[in-house]
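One structure is given below, encoded as structure tokens.
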Amino acid sequence: QQKVQQSPESLIVPEGAMTSLNCTFSDSASQYFAWYRQHSGKAPKALMSIFSNGEKEEGRFTIHLNKASLHFSLHIRDSQPSDSALYLCAHTGNYKYVFGAGTRLKVIA
Amino acid sequence: EAAVTQSPRNKVAVTGGKVTLSCNQTNNHNNMYWYRQDTGHGLRLIHYSYGAGSTEKGDIPDGYKASRPSQENFSLILELATPSQTSVYFCASGDPGLGSAETLYFGSGTRLTVL
């Protein structure tokens, strides 16, 4: 069974800081990689996805994928209190996403 | 944006009882999924479907059945509910775009408590 490990489990950062979230996966054949964000009591919502090695930037968010090291990361520049949420990484190879347990981020003003 | 509606939002059931969780999507997506979310485990896949009439076992299917009678509707059935099935259940729909990753659209979840 494919596994996804996320670190850290939780994180508290001050407003304006750079936040880095990490994900390690077990299947090098995985094709697509995504980050989902879930605010407290709400549904998970897709944030960004990537399917080839490298980086992708959208606004304050950057994702980085390295299939050789089985590592996938999310970086949030200028973190805001509204970024406080549970962040879930996921990967898929056969139309089935496998999710990590999540990193709970709190950004304090 | 894609719309996925789950019902009920909250459910309290007794051990041994039958529970049906319903999900409806209006986006004509072929794929639908049932996940449960527990602290420390993230989202775990229970059952999924590629279209009307199809159901497939996910990673933790034991104790659950699924039904996909139409493109829009996907149900999760607990024939004999147990306290270990107390959780928050999410339904999602998605369609793998040509050459791009599938985006999952989640419903608001059903909080199930089995006493």
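The values are calculated or read from the model by the stated rules, or taken from the named source; none is laboratory data. The model shown is predicted, which means the values in this text are computed figures rather than measured ones. Counting neighbours? That spans all protein chains shown, and the Cβs are built from the backbone with ideal geometry, glycine included.
Can you tell me how many residues in the stretch A:51-65 are in contact with a strand residue (DSSP E or B) (Cβ under 7 Å, 6 or more places away or on another chain), outside any strand (DSSP E or B) and without any contact (Cβ under 8 Å) to a residue 12 or more places away in the chain? The number of residues fulfilling the criteria is 0.
Can you name every residue in the stretch A:68-78 that is modelled with pLDDT under 95 and in contact with a Phe, Trp or Tyr (Cβ under 9 Å, 6 or more places away or on another chain)? Across the stretch A:68-78, the qualifying residues are A:L70, A:H71, A:F72. Would you be able to say whether some residue in the stretch B:26-37 is among the β-branched types (V, I, T), within 15 Å of B:Q6 (Cβ to Cβ) and not in a strand (DSSP E or B)? Within the stretch B:26-37, one or more residues are among the β-branched types (V, I, T), within 15 Å of B:Q6 (Cβ to Cβ) and not in a strand (DSSP E or B).
Restricting attention to the stretch A:79-109, report how many residues are touching a Lys or Arg at 6+ places or on another chain (Cβ under 8 Å), modelled with pLDDT of 95 or more and closer than 19 Å to B:H41 by Cα. Going through the stretch A:79-109 one residue at a time, the tally reaches 4. The residue of the stretch A:1-17 that is surrounded by the most Cβ atoms within 10 Å (Cβ to Cβ), among those that are outside any loop (DSSP other than H, G, I, E, B) and among the polar types (S, T, N, Q), is A:Q6. If you check A:S20, A:S30, A:S84 for being crowded, with 19+ Cβ neighbours inside 10 Å and hydroxyl-bearing (S, T, Y), only one passes: A:S30. I'm trying to understand the selection: among the residues of the stretch A:18-41, which are at the interface with chain B (Cβ under 10 Å from one of its Cβ atoms), in contact (Cβ under 8 Å) with a residue 60 or more places away in the chain and in a loop (DSSP other than H, G, I, E, B)? Selection gives A:Q31 alone. Scanning the stretch B:89-115 for residues that are in a strand (DSSP E or B), within 14 Å of chain A (Cβ to nearest Cβ) and buried (at least 18 other Cβ atoms within 10 Å of the Cβ) yields B:Y89, B:F90, B:C91, B:A92, B:S93, B:G94, B:T103, B:L104, B:Y105, B:F106, B:T110. If we keep just the residues of the stretch B:70-102 that are of a type in the set (S, T, Y) and touching a residue at least 40 places away in the same chain (Cβ under 8 Å), which is nearest to A:K42 (Cα to Cα)? In this case the residue turns out to be B:Y89. Restricting the first member to the stretch B:42-69 and to residues that are within 11 Å of another protein chain (Cβ to nearest Cβ), and the second to residues that are acidic (D, E) and assigned to a loop (DSSP other than H, G, I, E, B), the beta-carbon pairs closer than 9 Å and six or more apart or on different chains are B:R44/B:D59; B:L45/B:D59. Can you find a residue in the stretch A:42-50 that is part of a loop (DSSP other than H, G, I, E, B), crowded, with 16+ Cβ neighbours inside 10 Å and touching a residue at least 24 places away in the same chain (Cβ under 8 Å)? Taking every residue of the stretch A:42-50 in turn, at least one turns out to be part of a loop (DSSP other than H, G, I, E, B), crowded, with 16+ Cβ neighbours inside 10 Å and touching a residue at least 24 places away in the same chain (Cβ under 8 Å). What number of residues in the stretch A:5-42 are of a type in the set (S, T, Y), touching a Lys or Arg at 6+ places or on another chain (Cβ under 6 Å) and modelled with pLDDT of 95 or more? Final tally of qualifying residues: 1.
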